[in-house]
Every structure is written in structure tokens, then in C-alpha cells.
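The values are calculated or read from the model by the stated rules, or taken from the named source; none is laboratory data. Note that this is a predicted model, so its numbers are computed, not measured. Every residue, glycine among them, receives a Cβ derived from its backbone with ideal geometry; neighbour counts consider all protein chains shown.
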Amino acid sequence: MTDAAEGALVLFSGGQDSATCLAWALDRFGRVETIGFDYGQRHRVELECRAAFRDALTAGFPGWAARLGPDHTLALEALKSVSDTALTRETEIAMGADGLPNTFVPGRNIIFLTFAAALAYRRGLRHVVGGMCETDYSGYPDCRDDTIKALQVALNLGMARRFVLHTPLMWIDKAATWRLAETLGGAALVEAVLEHSHSCYLGDRTVRHPWGYGCGTCPACELRRKGWEEYGRDARRDGGLKPTLHGP
Ligand code: ZN
């Protein structure tokens, strides 16, 4: 499915999910731009991975390179003043009594999508793409499908536009996200996501595991490792991929 006449803005943090979403958008839309938010993350490595992944797409996928437009980085320093989490301060990541990790920034995705829509308005882009997911989400209520659908209504009313908010990962888990990358861009895209996307909460890129870089023990690394191992098991069962190349 492609709609070459349409333009899209992808919320691109540099993580596995948004990297896959970027490929998904490039597969569908004729013009794709990216937006990243700088809100004083404790580790800036995720933002640095964004450029590396975009470069890998440009180098390895000429058809997509022609569609990939500018990257936008928005400073949202104000988020720091409403969050008290391990992402922005030197605190341990822990689970709160409400079942949410203390990395939770209340309503963060609502804020991101609203700024993205404002930029999409300016850039003449009708589609906004985000990696929100209910399946693997850590309890973040702003990742829920209902939240996104309600926000789409609010944005369209409030900006008098017909934006479409896309969340291609909403109902799939991390293993299926790897399979989606493989479907979109084959082993080359899987390798690009492995090498250049970043998930680790601690910003650790010193050790390269089979599933990519990370500390290996934080919740984000755990989730990524489990998804990769499940993907590898499924691929071997289906005979689709060489275990030597893609096995955990
Ligand atoms: Zn980690």
C-alpha cells in the first residue's frame, strides 16, 4: 500500500519502534520528514542515533532516500520541569506503586503528537506516524489506542485539518516489530535497526549484544532482548533466516 502523493511526519526518537515506523512511512508515502524532541534526556545518545539511522537508510535504500525529507529537532525543555524521573535526573529506574515506571512523563505522547501536528500543519504533511504500542507498553496510558484516536479528533477540530495519526505498532509485540522491519526492508533493514537504533534507558552503547547495544539489564534492554530472541526462534522455525546471522 502506497500513497506517493501524500506526505508524512514521523515521530522519530532513534529507538527500535520509531526506526521501524520510519521505514513503514517511507514504504507508503511519497514525502517523509522526521521530528525528534530534545527535552534534556539524561542520555543524548538516542538523539545521536537518529542521524546514524537516517544515514543508513539513505545509503542502503535508494528508493527511500528519494522520499526522505528534512529532520526537525524541537527543544522541549519545559518537560523537565514537570517530570521527576530517571530519564532526566540521576535516579534509579524503578516501578512505582501505580505500576508505572518512574521514567513516566505524564502525557508525554500527547505533548509530542500535538507539537508534531503543529509542525505537520506548517509543512503541509497530512499523516503523523508514531510508534505507540499497547502490546508491550509499560503501562503508559498515553500509548493507548483510545488516547491516540481521541487526540486525532481533538487535533483535527483544533487545527481545522484532516490529519491521520498512524500507529503501525499498536497491536504488535517486539518480535513482530522485528518481523515488520524484515518485511519492509529485508535483512538489511533489520541490521540497520539493530546497529543504529537505541533502546537502553541508561544510554549504554559500550557493548554490542546480538540484539543491539545496551546495558542488558534495564527494562528497555530486557524488552528488546526478549523480542529479538523470540523473533530469532520464530525465524528459525519458519526457515526464513539464517540462525548464524540472526540468532540470539
Ligand atoms: Zn539498558
As an exercise: evaluate P168 against (1) modelled with pLDDT of 95 or more; (2) closer than 20 Å to R54 by Cβ; (3) within 16 Å of the ligand (Cβ to nearest atom); (4) of a type outside the set (A, V, I, L, M) and give the number of the one condition it does not meet. (3)
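Those residues that are under 15 Å from A8 (Cα atoms) and crowded, with 17+ Cβ neighbours inside 10 Å, I need them from segment 24-42; list them, please.
Restricting attention to segment 24-42, the residues satisfying the condition of being under 15 Å from A8 (Cα atoms) are 24-36.
W24, A25, L26, D27, R28, F29, R31, V32, E33, T34, I35, G36 - these are the residues of segment 24-42 that are under 15 Å from A8 (Cα atoms) and crowded, with 17+ Cβ neighbours inside 10 Å.
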Of all residues in segment 162-192 being out of contact with any His (no Cβ under 9 Å at 6 or more places or on another chain) and in a loop (DSSP other than H, G, I, E, B), the one that is surrounded by the most Cβ atoms within 10 Å (Cβ to Cβ): L169
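Mind counting the residues in segment 209-221 that are part of a strand (DSSP E or B) and out of contact with any His (no Cβ under 9 Å at 6 or more places or on another chain)?
Narrowing segment 209-221 to residues part of a strand (DSSP E or B): 209, 212-213.
Restricting the remaining residues to those that are out of contact with any His (no Cβ under 9 Å at 6 or more places or on another chain) gives 209.
Going through segment 209-221 one residue at a time, the tally reaches 1.
Filter segment 130-145 down to the residues that are part of a helix (DSSP H, G or I) and either within 13 Å of V10 (Cα to Cα) or in contact with an Asp or Glu (Cβ under 9 Å, 6 or more places away or on another chain) (or both) and list them by number. Spell out how you get there, then give the answer.
So the first thing to find is which residues in segment 130-145 are part of a helix (DSSP H, G or I), and the list is 141-143, 145.
If the condition is that a residue be part of a helix (DSSP H, G or I) and either within 13 Å of V10 (Cα to Cα) or in contact with an Asp or Glu (Cβ under 9 Å, 6 or more places away or on another chain) (or both), then C143, D145 are the ones that fit.
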When the residues of segment 190-232 are narrowed to those that are more than 16 Å from V45 (Cβ to Cβ) and without any contact (Cβ under 8 Å) to a residue 12 or more places away in the chain, which ends up nearest to the ligand (Cβ to nearest atom)? T217
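What number of residues within segment 193-208 are touching a helix residue (DSSP H, G or I) at 6+ places or on another chain (Cβ under 7 Å) and either on the phi < 0 side of the Ramachandran plot or assigned to a helix (DSSP H, G or I) (or both)? Even if it seems obvious, please write down each step before you answer.
From segment 193-208, those touching a helix residue (DSSP H, G or I) at 6+ places or on another chain (Cβ under 7 Å) are 193, 196-201, 203, 205; that's our starting set.
Subsequent filtering for residues that are either on the phi < 0 side of the Ramachandran plot or assigned to a helix (DSSP H, G or I) (or both) retains 193, 196-201, 205.
Residues that pass the stated criteria total 8.
So which residues in segment 105-129 are part of a helix (DSSP H, G or I), over 18 Å from D142 (Cα atoms) and charged (D, E, K, R)?
Step one: of segment 105-129, the residues part of a helix (DSSP H, G or I) are 108-123.
Subsequent filtering for residues that are over 18 Å from D142 (Cα atoms) retains 118-123.
Answer for segment 105-129, where residues must be part of a helix (DSSP H, G or I), over 18 Å from D142 (Cα atoms) and charged (D, E, K, R): R122, R123.
If I go through segment 43-66 residue by residue, how many of them are surrounded by 16 or more Cβ atoms within 10 Å (Cβ to Cβ) and either touching an Asp or Glu at 6+ places or on another chain (Cβ under 9 Å) or within 29 Å of V105 (Cβ to Cβ) (or both)?
If we filter segment 43-66 for residues that are surrounded by 16 or more Cβ atoms within 10 Å (Cβ to Cβ), which is where we start, we get 45-47, 49-50, 53-54, 56-57, 61, 64.
Still in the list and also either touching an Asp or Glu at 6+ places or on another chain (Cβ under 9 Å) or within 29 Å of V105 (Cβ to Cβ) (or both): 45-47, 49-50, 53-54, 56-57, 64.
Total satisfying the criteria: 10.
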